[in-house]
Amino acid sequence: MHIIYCGMKNMTDAKKRNLYLMFIPLSGVLLASAWHFLYDLVPCPFVGAFAPVNESVWEHLKIVFYPFLILWPVGYVFKYSRVDTVSYALAGAVGAAVAAMSVVAFDYFVNGILGVKQILPVHIINCAAAFAAGAALGYPITKISDRNAEIILPIFTALIVAACVYGSVSA
């Protein structure tokens, strides 16, 4: 970690942002690929709450949502000293939600409207695009003040938890 931080100390904010916006989709696709088979490796209900248990598009939201929440704190290194922690957490929550919604939007657009078959390269592009959208739209939120983020974060978190509970109950 020290090597990465020392090398980044002299980088401009634009270079850090660009490096960060490339890191999330690339590492996200790798983590999501492993996440896809997590339930097959450990078939228990607890793991099924966080990893997809079938091939539905709604189960594939888990492939992007939870790995995004795992990877987002790694990005904190890229803006290390100048970002408020609460606003960074809010940005991560918004980014994860955007990434998850992007999976559904991309899937229905490509498969439903354009009629492209559901094949592996399309799923990989969908995953990378979702991570990129989440990172790109979450990143500007890091500029919100801590005071505003302290108000918004609990509300947004409650909405995400409610959506997750509703999705688990209705599935």
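The values are calculated or read from the model by the stated rules, or taken from the named source; none is laboratory data. Everything numeric in this text was worked out from a predicted model, so none of it was measured. Note that each Cβ is placed from the backbone with ideal geometry, even for glycine, and that neighbours are counted across all protein chains shown. These area figures cover heavy atoms from the full protein model, side chains too; ligands, DNA and RNA do not enter into them. Shrake-Rupley method; radii C 1.70, N 1.55, O 1.52, S 1.80 Å.
With respect to the conditions (1) open to solvent by 40 Å² or more (accessible area, probe 1.4 Å); (2) more than 16 Å from residue 137 (Cβ to Cβ); (3) modelled with pLDDT of 85 or more; (4) not charged (D, E, K, R), residue 69 lacks only one, and its number is (2). Output yes when any residue across the stretch 73-84 is among the aromatic types (Phe, Trp, Tyr) and in contact with a Lys or Arg (Cβ under 7 Å, 6 or more places away or on another chain), and no when none is. Within the stretch 73-84, one or more residues are among the aromatic types (Phe, Trp, Tyr) and in contact with a Lys or Arg (Cβ under 7 Å, 6 or more places away or on another chain).
One line per residue, one yes/no per condition, for (1) out of contact with any strand residue (DSSP E or B) (no Cβ under 9 Å at 6 or more places or on another chain); (2) at pLDDT 85 or above; (3) closer than 23 Å to residue 56 by Cβ:
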| site | (1), (2), (3) |
| --- | --- |
| 76 | yes, no, no |
| 80 | yes, no, no |
| 86 | yes, no, no |
| 99 | yes, yes, yes |
| 103 | yes, yes, yes |
| 112 | yes, no, yes |
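Of the residues making up the stretch 1-17, those that are at pLDDT below 75 and assigned to a helix (DSSP H, G or I) are 2, 3, 4, 5, 6, 7, 8, 13, 14, 16, 17.
Of all residue pairs spaced 6 or more apart or on separate chains, those with beta-carbon atoms under 6 Å, a first member in the stretch 134-158 that is among the acidic types (Asp, Glu) and a second member that is not in a helix (DSSP H, G or I) are 146/84. Test residue 98 against the stated conditions and say whether it is open to solvent by 10 Å² or more (accessible area, probe 1.4 Å), among the β-branched types (Val, Ile, Thr) and assigned to a helix (DSSP H, G or I). Spelling it out, residue 98 is indeed open to solvent by 10 Å² or more (accessible area, probe 1.4 Å), among the β-branched types (Val, Ile, Thr) and assigned to a helix (DSSP H, G or I). If the condition is being over 9 Å from the mean Cα position of the chain (by Cα) and under 14 Å from residue 67 (Cα atoms), then the stretch 95-116 contributes only 103.
Filtering the stretch 141-158 for residues that are small (Gly, Ala, Ser), assigned to a helix (DSSP H, G or I), at pLDDT 85 or above and open to solvent by 30 Å² or more (accessible area, probe 1.4 Å) leaves an empty set. When 73, 52 are checked against the criterion of being in a helix (DSSP H, G or I), under 19 Å from the mean Cα position of the chain (by Cα) and without any contact (Cβ under 8 Å) to a residue 24 or more places away in the chain, 73 stands alone in meeting it.
The residue list 32, 128 contains one member that is within 29 Å of residue 155 (Cβ to Cβ) and either among the aliphatic types (A, V, I, L, M) or in contact (Cβ under 8 Å) with a residue 40 or more places away in the chain (or both), which is 32.
Residue under question is residue 60, and the condition is that it be modelled with pLDDT of 80 or more, open to solvent by less than 50 Å² (accessible area, probe 1.4 Å) and under 23 Å from residue 40 (Cα atoms); does it hold? Yes: the conditions hold for residue 60.
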